[in-house]
Ligand code: MG
C-alpha cells in the first residue's frame with residue numbers, strides 16, 4: 001500500500017489526484033492532506049479519506065475547521081503544518097500541487113526526508129531546478145512529473161537513454177488567444193483568459209497558458225527533469241492537445257504520447273510508475289479524430305515565452321526572478337489592477353534590473369524571489 005501526502009488537495013490537481021486515489025483504494029491511502037484556505041472542501045476530503053493529518057495553511061481557515069471538526073484527524077496550520085505533512089513518517093510519496101513558489105520549501109523538506117515526489121508544482125523546478133534535482137539525487141529520491149507534457153516525455157523515454165535525445169518537442173495548445181495579434185490582445189479580459197479550449201485548470205495557470213508563460217515555465221521544468229540543454233527543447237503549438245509531447249532521438253525517430261486531455265492519466269502514472277493501472281476514463285477514438293495540427297509558437301505576439309528561454313539560458317537566479325515577477329503580475333491582472341499586455345512589461349522590466357547570482361543556494365533563491373516581488377510591486381504601482 002502506497003501512502004500519499006497531497007499538498008494542495010483542494011485545487012484542480014489535488015481534487016483530481018484524490019479521484020485517482022479513490023478509484024484505486026486497494027493500492028493507495030492518504031496520510032496527509034494540505035490546502036491553503038478551503039476548509040469546507042478539506043473537511044469533506046477528511047471525512048472521505050480519513051488522513052492522519054490535515055493542514056490549512058491559513059490560520060483563520062484552520063480555526064474554522066477546528067471548531068466544527070471532532071474526528072481523529074489532527075488539524076495543523078501554517079507553513080510548519082505544511083512541512084509536517086511533507087515529511088510525515090508514514091508517507092512514501094508527496095504529491096505537490098501547491099501553486100507558485102510556495103511549493104519550494106515543502107518539496108525540499110520532503111526530498112530530504114526521502115519521500116518520492118509527484119511534482120505538479122512546476123515553479124519549484126523553475127525557481128530552484130539545480131538545487132532540487134541535486135538534492136533528489138543525493139537522497140535517492142525520484143521526481144515523477146505530473147504535468148501532462150512532462151509525463152508524456154517521461155513515458156517516451158522509458159527504456160531509452162537520455163544521451164540519445166536529439167530534441168524534446170514540448171506541445172502547447174496555444175491557449176484561447178492563439179492566432180491573435182498584439183493589438184487584438186490589448187483589451188483581453190480575465191473572463192476571456194479563463195475560457196481555455198481544452199484543459200480545465202486553476203486561474204493562475206489558465207492565465208499563464210494564455211500568455212504562454214506556462215509553456216515557458218514548462219521549458220525550464222523540462223530542462224531540469226530530463227537534463228537536456230535549452231537548445232534541445234522546442235515548443236510546438238498543437239491546438240487539439242491530443243499529442244501531449246514528443247521526443248526526437250538521434251536516429252530521427254520521434255516518440256509521442258497521446259491521449260484525451262485528462263490530468264487524471266498523468267497523475268495516475270506518477271503514482272503507479274513503473275506500473276500502469278486500468279482506468280475507466282474516456283479513451284481516444286482515432287476514427288473520429290479529424291486532424292492533428294502543429295505549428296511554430298508566435299514569439300512576437302506572445303513575448304513571455306522568449307523571456308523564459310532567456311531566463312533559462314542565463315540560469316542562476318534569473319528563472320526564479322522570472323517566475324516571481326510573473327506570479328505578481330498575473331495576480332495583479334486577476335485583481336483587475338493591470339491590463340493583459342502589462343504582464344509581459346512587468347516581467348521584462350524586473351528581469352532587466354536583476355543582478356544574477358550564479359549557482360544559487362536556497363538563501364539566494366529566496367532573496368531573489370522576494371526581490372523580484374518587491375520590484376514587480378514597484379512597477380505595478382507605476383502602471384496604476
Ligand atoms: Mg502542462
Task: Which numbered condition residue 166 fails, given (1) within 23 Å of residue 126 (Cβ to Cβ); (2) surrounded by 14 or more Cβ atoms within 10 Å (Cβ to Cβ); (3) modelled with pLDDT of 95 or more - done: (1)
Task: Among (1) in a helix (DSSP H, G or I); (2) surrounded by fewer than 24 Cβ atoms within 10 Å (Cβ to Cβ), the one test that residue 89 misses - done: (1)
Task: Sole residue being in contact with a helix residue (DSSP H, G or I) (Cβ under 6 Å, 6 or more places away or on another chain) and assigned to a helix (DSSP H, G or I), chosen from 374, 346, 356 - done: 346
Open item on the list: What's the number of the only condition in (1) closer than 18 Å to residue 169 by Cβ; (2) touching a helix residue (DSSP H, G or I) at 6+ places or on another chain (Cβ under 7 Å); (3) assigned to a loop (DSSP other than H, G, I, E, B) that residue 281 fails to meet?
Closed with: (1)
TODO: Output the number of residues of the range 340-365 satisfying the condition of being closer than 22 Å to residue 208 by Cβ and touching a residue at least 12 places away in the same chain (Cβ under 8 Å).
DONE: 14
Open item on the list: What's the total number of residues in the range 173-201 that are within 12 Å of the ligand (Cβ to nearest atom) and either touching a helix residue (DSSP H, G or I) at 6+ places or on another chain (Cβ under 7 Å) or modelled with pLDDT of 90 or more (or both)?
Closed with: 4
Open item on the list: Going by what's in this entry, would residue 241 be described as within 13 Å of the ligand (Cβ to nearest atom), in contact (Cβ under 8 Å) with a residue 40 or more places away in the chain and in a strand (DSSP E or B)?
Closed with: no
TODO: Taking only the range 4-43 into account, find how many residues are without any contact (Cβ under 8 Å) to a residue 60 or more places away in the chain and part of a helix (DSSP H, G or I).
DONE: 8
TODO: Could you tell me whether residue 215 is at pLDDT 90 or above and either surrounded by 18 or more Cβ atoms within 10 Å (Cβ to Cβ) or in a loop (DSSP other than H, G, I, E, B) (or both)?
DONE: yes
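The values are calculated or read from the model by the stated rules, or taken from the named source; none is laboratory data. What you are looking at is a predicted structure, and each value in this text was computed from that prediction instead of being measured. Glycine gets a Cβ as well: all are built from the backbone with ideal geometry, and neighbour counts include every protein chain shown.
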